[in-house]
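Report on the structure given below.
The values are calculated or read from the model by the stated rules, or taken from the named source; none is laboratory data. Owing to the predicted nature of the structure, the values given are computational and were not obtained by experimental measurement. Heads up, the Cβs are rebuilt from the backbone with ideal geometry, glycines too, and the neighbour counts pull from every protein chain shown. Side chains are part of the model used for accessible areas, which takes the heavy atoms of the whole protein and leaves out ligands, DNA and RNA. Shrake-Rupley method; radii C 1.70, N 1.55, O 1.52, S 1.80 Å.
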Protein chains: 2
Amino acid sequence: MASATEPSAAQGTDTGAAQLDEALAAAASIATTWASAPGPSRARTLVAVADGLDAAVDELVAAADAETALGDSRLRGEVARTTGQLRMFAELVTRGAEIDAIITEADPSAARPDVRRMLYAIGPVAVFSASNFPFAFSVAGGDTASALAAGCPVIVKAHEGHPRTSALTTAVIAAALAGAGAPESLLQTVYGLEAGRRLVVDPRIRAVGFTGSIGGAQALMALAHSRADPIPFYGELGSVNPVIVLPHAAGSRPDTIADGYIQSLTLGVGQYCTNPGLLFVPDDGGLLAAIGRRARAATGGTMLTERIYQQFQRSVDEPAWSQLPELGHGSAAGERAAAPQVRHATLDELHGAIDALARERFGPAGLVVTYDDPMCLLELLPRLPGSLSASVHAESDEYELAATIAAALTTRAGRLIFNGWPTGVAVCWAMQHGGPWPSSTEPSTTSVGATAIRRWLAPVAWQGWPDELLPQALRRDNPLGLERVVQPGPVA
Amino acid sequence: MASATEPSAAQGTDTGAAQLDEALAAAASIATTWASAPGPSRARTLVAVADGLDAAVDELVAAADAETALGDSRLRGEVARTTGQLRMFAELVTRGAEIDAIITEADPSAARPDVRRMLYAIGPVAVFSASNFPFAFSVAGGDTASALAAGCPVIVKAHEGHPRTSALTTAVIAAALAGAGAPESLLQTVYGLEAGRRLVVDPRIRAVGFTGSIGGAQALMALAHSRADPIPFYGELGSVNPVIVLPHAAGSRPDTIADGYIQSLTLGVGQYCTNPGLLFVPDDGGLLAAIGRRARAATGGTMLTERIYQQFQRSVDEPAWSQLPELGHGSAAGERAAAPQVRHATLDELHGAIDALARERFGPAGLVVTYDDPMCLLELLPRLPGSLSASVHAESDEYELAATIAAALTTRAGRLIFNGWPTGVAVCWAMQHGGPWPSSTEPSTTSVGATAIRRWLAPVAWQGWPDELLPQALRRDNPLGLERVVQPGPVA
């Protein structure tokens, strides 16, 4: 579909209805073939895509820097993360680890049939890419990698913040797919809000992946759920990412904690869904003062888009926020530049205005909340909205307290971090990047890590089939050598 | 909460807002304790509940037969299925099989932290029980069993078709919980549509399980998704369950197939979500005639409720249905009694009216669709709505064709059956009871089988924690002896 997408991007125009229909038809036409391609074959294609992107890194980074101002080193790191992600899923499907086979052997004495269950690709999926990761959560990003690995053709709705990067990425991938002998329509890119809306309601699309704002997610999720045949909508949205500093940690290493906090808060001009929006510290002077000093010395920078900049300004102009005392305000220069700011509230003040204060301000704005007694946090934490992460800083002599706090956080966040900061999500097997609303729309799923692939798969149980008609993954002699869970039949 | 629920049931009145609030508060108050109870302890409670139900089987069956007319032997079987289900989940959590631990060891050379992920109970859940299974999909049914096993307190909205059975089941469970030293508020039952609606929108409820009609699901799902914090809605709805009889199977054993079909179609007066609503057979006389004979000899019976009976009558009075030629019409006597009926359409006729004909008629009504060339089915099958099951009947000399048909069905149904019938869902580890809309609202989940428990769990990743602060399931020496997936760190 390079033919359908490149002109749009080159001209900066939205994808029209006819082009979109062509893209959907192309995706649907190859869905069964791609779903039934053996894992190692899908893996080779993913690796070819990763190699193609790595080879084009200079061009890709130049295009993205011009559109997002994220800077060369950050963007190079992001391309590496993106290709690493493709290779991780390639490794996963080479081993058949996504198949999740469960076998129940027949038990005639209990009238129990032979039942064999595995996961299957659900069909073409739509992926909505994010503004803040022009590679890792965009055309070639995590949702695309996991969906392709699962066996689903992907149509990406490019983010309007980096259309040229999206078009270039699409072209690089198209060349890599062609080189690997795979259909180019495995990955297609479309442009414009209307094309995005049409994607979500088209019967050929079987699930949606989304990374972005709460408002954007709500609109698209409503479309997905109002279809004649509602489909899953997997959104990764905003998050306030509470960080709790326990008293002894605050007392023993205020400078280290203040350094880590300001670095995490201002990384990428604060434009991370894992940004530490709420920091809880004991109500004594040392750490607060250290944070104030570093906030005043911090520099912000150009935000991703004018729209994001305007939204950030509006969010810090809200009275509930702007009337709070400032611990420190940094500097910023340039177009659409945001300066770091850190404000202060007491735990009681947060309790009294939790909806207004415990919410994401996408940018370098942090709220430091002081507490007298850490046990009082146990009343507050269950009231916080769901987050992608929650962090605890503790010394070894306050581990009991740390354990109590952590237990209270397990139903509030998808990832719990010890003596660390939430920005920087490792792409690894065990990663969980999700959580209760509004951090994600489906708390049982993740958008980063090996299990992200499960969003694009659905189980099918085969009951009573002769061996020669079963998929290889379910045959009695296990020809693929998979790890399978087996409920044994009666012992002979 | 027996105090809150028994008076309602005894008086046949709906649960009021104050009683409901009391039930929700009770569920919320024990959620953390129950979620963190060790698996073997949760398992003992489930087994105590199962034992209590088994001991009360005579009373339970008498109550249910008076309300549903399902008959003694069917209902005894259903109680056994229900308690077997509780014991299956008890066994599962005794082994910790629901925890699904994945460990990523740190790799400092790749700046990769130590990340350890496991599943946690998501909090109190609401379960909407079904009309047609007063035990197995009701107060003590599959959703309750899997949610309790997962560590979630349950509030059941009783089906209005069997309130006394629901109240009696609740009382038996309350006694069993008390005897086991578990809080009675682990399982509470409420009555009435308004109480059901309030449950779904209450912030203390973290997910909804539902078994019932498409219309009922749509209304409640919209409520769940329109909350300020949308929650997962796991519905198991209607299904048309296509059955495809290939030519040689039809030719070689018409009587066996006709017998199996009519039995499956009329079982429980056709009131199963797995009822074989669409049967595809070759266009020749033998099998059609055999089906017609058995349909005319078949007897129906009293339906579950007056409302279901009226709905069935309306569904078979629709012109699209009633104008089709009848292959056979059976008999029925008694109050709200439905007679089996089997009608006939060609594949072309089905193509032309697929929305009207390829949909569930909840009751003993079957459509037999004749085809000339089985390859023409490959155009039709992708157009069918999602189903809980699809079945293929084939002889060994048409296995190639059977495999082609099965491949086309993997994205249309959650369970594929060979030379069998869809009614009767074995409760076993590998079972899949779900599928694309409208068979379920979340095709990646199941409401029967071991993996049903995953609906009530959400992952949490622990990043960088010292061993003594980790949950036992994630500690480095694996003290619970769990099967865990490990992404190893660098070899020393």
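Measuring with a 1.4 angstrom probe and ignoring ligands and nucleic acids, B:S252 comes out at about 70 Å² accessible.
Taking all protein chains in place and a 1.4 Å probe, what share, in percent, of the accessible surface of the protein assembly as shown do carbon and sulfur account for? Intermediate values should be presented prior to the final figure.
Details: 17810 of 33230 Å².
The C+S portion of the solvent-accessible surface of the protein assembly as shown is 54 percent.
Among B:H162, B:H351, the sequence by solvent-accessible area, most first, with a 1.4 Å probe is B:H351, B:H162. Per residue, segment B:246-315 exposes 37 Å² of accessible surface when a 1.4 Å probe is rolled over the protein heavy atoms with every protein chain present. Taking Cα atoms, how many degrees apart are the long axis of helix B:2-11 and the longest axis of chain B, rounded to 10 and kept between 0 and 90? Around 30 degrees separate the two axes. Using R0 = 25 Å, the C-beta based FRET efficiency linking A:T404 and B:R227 works out to 0.30.
The calculated FRET efficiency for B:R383 paired with A:A17, based on their beta-carbon distance and R0 = 22 Å, is about 0.45. Listed values for segment A:207-215 are Karplus-derived 3J(HN,Hα) couplings in whole Hz (6.51 cos²θ - 1.76 cosθ + 1.60, θ = phi - 60°), namely 6, 10, x, 8, 10, x, 7, 4, x, and x replaces Gly and Pro. In chain B, the longest principal axis of the Cα atoms and the axis of helix B:163-179 are about 30 degrees apart.
Normalised by the residues of chain B, what does the relative contact order come to in percent, with Cα pairs under 8 Å and at least six apart?
Working: 1082 pairs, mean separation 86.8, N = 492.
Reported as a whole number, the value is 18 percent.
Relative contact order for segment A:388-434: 49 percent, from Cα pairs under 8 Å spaced at least 6 residues apart, divided by residue count.
Listed values for segment B:430-440 are Karplus-derived 3J(HN,Hα) couplings in whole Hz (6.51 cos²θ - 1.76 cosθ + 1.60, θ = phi - 60°), namely 8, 5, 10, 10, x, x, x, 3, x, 5, 8, and x replaces Gly and Pro. Measuring from each Cβ of chain B to the axis that turns chain B onto chain A, the shortest distance belongs to B:H225, 3 (residue, then whole Å). Applying 1/(1 + (r/R0)^6) with r as the Cβ-Cβ distance of A:A356 and B:E468 and R0 = 56 angstrom yields a FRET efficiency of 0.90.
The alpha carbon centroids of segment A:160-212 and segment B:202-255 are separated by 31 Å. Partner shielding of B:415-422 amounts to 5, given as the average count of beta-carbon atoms from other chains within 10 Å of each residue beta-carbon. Distances, shortest first, from the label point of B:R95 to those at the same position in the other copies read 2.0 nm; the point lies 7 Å along Cα to C-beta.
In the assembly of identical copies, A:E400 has its label point, taken 7 Å from Cα in the direction of the beta carbon, separated from the corresponding points by 7.4 nm (ascending, one decimal).
Given a cut-off of under 8 Å on Cα pairs at least six residues apart, what relative contact order in percent is computed for segment B:246-306? Value for segment B:246-306: 46 percent.
Checking the a/c ratio against 1.5 first, then a/b against b/c, what shape does the Cα gyration tensor give for segment B:370-492? Please list the in-between numbers first.
Working: a/c = 2.99, a/b = 2.57, b/c = 1.16.
It comes out prolate by the Cα gyration axes.
In this structure, the amide hydrogen of A:V127, modeled 1.01 Å from its nitrogen in the peptide plane, lies closer than 5 angstrom to those of A:I155, A:V156, A:K157, A:G209, counting only residues at least 5 positions away or on a different chain.
What's the buried accessible area, both sides, between B and A using a 1.4 Å probe, rounded to 100 Å²?
5200
Dipole check for segment B:64-160: with +1 at the C-beta of Lys and Arg, -1 at the C-beta of Asp and Glu, and the Cα centre as origin, the magnitude is about 100 Debye.
Solvent-accessible surface (1.4 Å probe) assigned to A:W429 amounts to roughly 30 Å².
Close amide H contacts of B:V243 (hydrogens built in the peptide plane, cut-off under 5 Å, sequence separation of 5 or more or a different chain): B:L278, B:L279, B:F280, B:S391. Only protein heavy atoms count here; on that basis, with a 1.4 Å probe, A:E349 has an accessible area of about 90 Å². When you count the other C-beta atoms within 10 angstrom of each residue and take the mean per peptide, A:134-141, B:220-227 line up highest first as A:134-141, B:220-227.
So how do B:T346, A:T274, A:T423 rank on accessible area, 1.4 Å probe, biggest first, that is with the largest at the start? Before the final figure, lay out the partial values.
On the way: B:T346 50, A:T274 5, A:T423 25 Å².
Sorted descending by solvent-accessible area, the residues read B:T346, A:T423, A:T274.
For B:S109, inter-copy separations between label points set 7 Å beyond Cα along the Cβ vector come to 5.3 nm, shortest first.
In sequence order, segment B:58-64 has phi-based couplings of 4, 4, 4, 5, 4, 5, 5 Hz under the Karplus curve 6.51 cos²θ - 1.76 cosθ + 1.60, θ = phi - 60°, and Gly or Pro positions carry x.
Peptide A:27-36 shows a mean partner chain C-beta count of 1 within 10 Å per residue C-beta. Between B:P382, B:A426, B:S396, the Cα set farthest toward the positive side of the dipole of segment B:369-429 (charges on each charged residue's Cβ, about the Cα centre) is that of B:A426.
Over all residues in A:110-117, what is the mean tally of Cβ atoms on other chains that come within 10 Å of each residue's Cβ? Could you put the intermediate results ahead of the total?
Values: counts 4, 2, 4, 8, 4, 10, 3, 11.
Mean partner shielding for this stretch: 6.
Taking the 0 to 90 degree range and rounding to the nearest ten, how far is the long axis of helix B:72-94 tilted relative to the main principal axis of chain B, both from C-alpha atoms? Around 40 degrees separate the two axes. In a fully extended conformation the segment linking B:A320 and B:V486 would gain 54.1 nm over its present Cα-Cα distance, using 0.36 nm per residue. Put a plus charge on the Cβ of each Lys and Arg, a minus charge on the Cβ of each Asp and Glu, and nothing anywhere else: the dipole of segment A:298-348 about its Cα centre is then about 120 debye.
First check a/c for chain A, with a ≥ b ≥ c the square roots of the eigenvalues of its C-alpha gyration tensor; if it is under 1.5, answer rounded, and if not, answer prolate when a/b is larger than b/c or oblate otherwise. In terms of gyration-tensor shape, oblate. Just going by the charge dipole of segment B:297-420, with Lys and Arg at +1 and Asp and Glu at -1 on Cβ, which of B:H351, B:V369, B:T411 is farthest out on the positive end? After comparing all options, I get B:T411.
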